[in-house]
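Working notes for the structure below.
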Amino acid sequence: MAIPVTTPAKLWLHRAGANARFQAGIVRAAVDWTVALYIVIPALVYASIQYIAWWRHPPASFALVPAAALSGLFFLLSLRGSGYRFFVLEPDQLFVRANRRWTRRMLALGLLYSAALQTLAAAGLAGLLLPLLRAMPVSAGLQLRLVGAGWALWLVAGLARYLLQLRLAAGWRLWLAQAGLALASALATIAATLLAVYAPATGYPAALVALAGAWLLFARARLRQQGAFLREAELEQRAKLRLAGLLLNGFAAAPRPQSRRTPLVFRRSQTLFRYRSPISGLSEVLLKSFLRSFTMLRLYAMFTSAAAIAVCAVSFAPVRTAIWLGCAFLLSLWMKAYCKEVAAAPFLALLPWRDRTRIGALRKCTHLLMLPGFLVVSAAFGYAVGGWIGAAVFAAAGFAIAYFIAAVATIWY
Amino acid sequence: MNLLHVRIEEAGYEAHSPAIRDIEFGLRQGELVGLIGHNGAGKSTTIKAMLGMIRHMRGSMQWAGERPSYAYVPEHPVVYDDLTLWEHLETAAAVYELERPMFIRRAEELLRQFRMEDVRHHLPGSFSKGMRQKLMLILAFLHQPDVYIVDEPFVGLDPRGTKQFLELLRAERERGAGVLMSTHVLDAAERMCDRFVLIADGTLAAQGTLDDLRAASGLPDGTLFDCFHELA
């Protein structure tokens, strides 16, 4: 039954409930019964058995893990994102925002909710680490102090990160500020760890009080923040879609706001081909789109590195060759799929492309885009087979193979 | 000379559930035809059906030339976020196979007219709604087609942009191009259009000159606004 929204707390609860249903829907969409039955449930059963086994007989290597890794783990978690949710929505500008009391109350509830959620997550993480904690050659008190320090730093760094994101637009200033925050968090983690070890009765409680004070100060700044409403709504939307982005990563490109005024590469709209034709025009769109996408470039570099390492690491020649040629096919199909997706963009749909233009551009771009990566993999393959001479020979062969495979992969649209 | 003859028996977004039906009209050289109707009457659906952008369409489109030569300006600007303004123009020029010197001259002229020269190498993500609309208009005027199909062109345009758009439209009509303009800004339509196609509840309610609409509505001195409310 719907809750009648007559107070800010009820409105906040309504939104928190809607968010929980949305996230649950995403998980349901990603983990259907088949996935649950064949992957998730067996994985959970295996993990439980392993957990109990480690609890009973912890591996000797657990004793080698330094205690400082506990606070370090929370520091790494704080780098992942702010973790704060306030459920600010864009339509709030219509009426909710006009009532300062409602707005502040909802923000305060958001702060408490986020802190509670992070506390639960920290407790859950500590629970998961229990077999490791049991095996560590340090006292339970010290472990508790380290987990406590890590948790407190996580809360404070997360809120500080949120405030930075609120006050600075996406760009190099925000990047720099976040790098500064990460450095400060790292130093604070080291200091808190040292205090937990060497000054548990005096310095450590003082550090916790200082962190609580910092959190209260940041919370006050958050509640008093004015003039950043649209940014708040944007951050909320991004946080809402974070899980979806994580689950769909690799299957769909997440929508990204284009905040730059001019592109980083080809800043003066330089043309890539001297000869102008419909095919070169479409090819140019496809190539520039790829070269201006940091996500695609990162994935491409990761794929190429993994394939190059694989062809060097595998010693059995038939498998190595299969990986090399398989890499060519995978790269060509991936680049083709990317180009097809870009070619279906609404702007391009406005223009009267012919089928032969689409296929011509697809072939050209699939070859050009797969070429650098495949040359690297071919050179690595050649190096593994016959040293530097092999690298040069197979890089040259890779050029021709890439052309042939791109042509085969684009026979059909 | 008839540049375009449209005959839509029925069209819609789902099979067996037509959003529009029995719509037939023509567009002659140099003519500006206003496609008018209430919100949701079927104006944009008619345009999308004409352009083959909806799956379920029964009817025919007859163009004057061998190949359709038209430019479409959508109601909501569609841009490619990864391309600069100039790259949008380059892409369109490549598709329309424009001669390079002609393209450069025409593009520079349109950028100047719409006061977009300074942002030619900017990404459209940094543009306002009006600037994106201007980009759509520049793309449409770039290759000087036979037919312009313009959906709600005044939304988001500033007065200077509107004036520039109307002047370019006038020049294009003098060249011989026909314009089909969907709008619900009726006072502007009354001043500009030669004829009107009135769509109501997904079907053709009336068409003709203002005098024809006056006769059909029984309002001999009525404005387009009066006739519209009588007929729609």
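Please treat every number below as a calculation from the coordinates, not as lab data. What you see is a predicted model; the values in this text were computed from it and never measured. Note that each Cβ is placed from the backbone with ideal geometry, even for glycine, and that neighbours are counted across all protein chains shown.
So how far apart, in nm, are the two label points at A:A24 and B:M192 if each is 7 Å from Cα heading toward Cβ?
5.2
Starting from the amide H of B:A205, placed 1.01 Å from N in the peptide plane, find each other amide H under 5 Å away whose residue is 5 or more places distant or on another chain.
B:L198, B:I199, B:A200
Could you derive backbone 3J(HN,Hα) for the stretch B:31-42 from the dihedral phi with the Karplus parameters 6.51, -1.76 and 1.60 (θ = phi - 60°), listing whole Hz in sequence and x where the residue is Gly or Pro?
Once rounded to whole Hz, the list reads 9, 10, 10, x, 9, 10, x, 5, 4, x, 6, x.
Given the -39500 (n - 2.57) contribution per DSSP H run of 4+ residues, what per-residue ellipticity at 222 nm results for the protein assembly as shown, rounded to the nearest 500 deg cm²/dmol?
One gets -20000 deg cm²/dmol as the mean residue ellipticity at 222 nm.
What do you get for the angle between helix B:159-175 and the principal long axis of chain B? Use alpha-carbon atoms, 0 to 90 degrees, nearest ten.
Between the helix axis and the principal axis of chain B, the angle is about 80 degrees.
Over chain B, what is the mean sequence separation of C-alpha contacts under 8 Å (at least six apart), divided by residue count, expressed as relative contact order in percent?
Working: 417 pairs, mean separation 66.8, N = 232.
Computed value for chain B: 29 percent relative contact order.
For chain A, divide the Cα radius of gyration by the Kirkwood radius and give the resulting Rg/Rh value with two decimals.
1.03
Helix hunt in chain A: which complete DSSP H runs extend at least 30 Å axially by C-alpha with mean Kyte-Doolittle at least -1.0?
Those that pass (Cα extent of 30 Å or more, hydropathy at least -1.0) are A:8-30, A:100-128, A:140-167, A:172-198, A:203-224, A:317-343, A:355-409.
Remind me, relative contact order of the stretch A:278-409 in percent, using alpha carbon pairs under 8 angstrom and six or more residues apart?
This gives 32 percent for the stretch A:278-409.
Binning at 10 angstrom from zero up to the longest distance, how are the C-alpha pair distances of the stretch A:8-248 distributed in percent?
Computed distribution, short to long bins: 7, 25, 30, 25, 11, 1, 0.
Can you give me the P(r) profile for the stretch A:278-409? Cα pairs, bins 10 angstrom wide beginning at 0, each as a whole percent.
Cα pair-distance distribution for the stretch A:278-409, in percent: 13, 41, 29, 13, 4, 0.
Would you kindly derive the ³J(HN,Hα) couplings of the stretch B:182-199 from the backbone phi angles with the Karplus curve 6.51 cos²θ - 1.76 cosθ + 1.60 (θ = phi - 60°), listing them in order in whole Hz, with x for Gly and Pro?
So the Karplus estimates, Gly and Pro as x, are 8, 7, 10, 8, 6, 5, 5, 4, 4, 6, 9, 7, 7, 9, 10, 10, 9, 9 Hz.
Between A:L246 and B:S126, what is the label-point separation in nm under the 7 Å Cα-to-beta-carbon projection?
Here the modelled spin labels are 3.4 nm apart.
If the viscosity is 1.567 mPa s and the temperature 4 °C, what Stokes-Einstein diffusion coefficient in µm²/s follows for chain B when Rh is the Kirkwood radius over Cα pairs?
The diffusion coefficient I find is 70 µm²/s.
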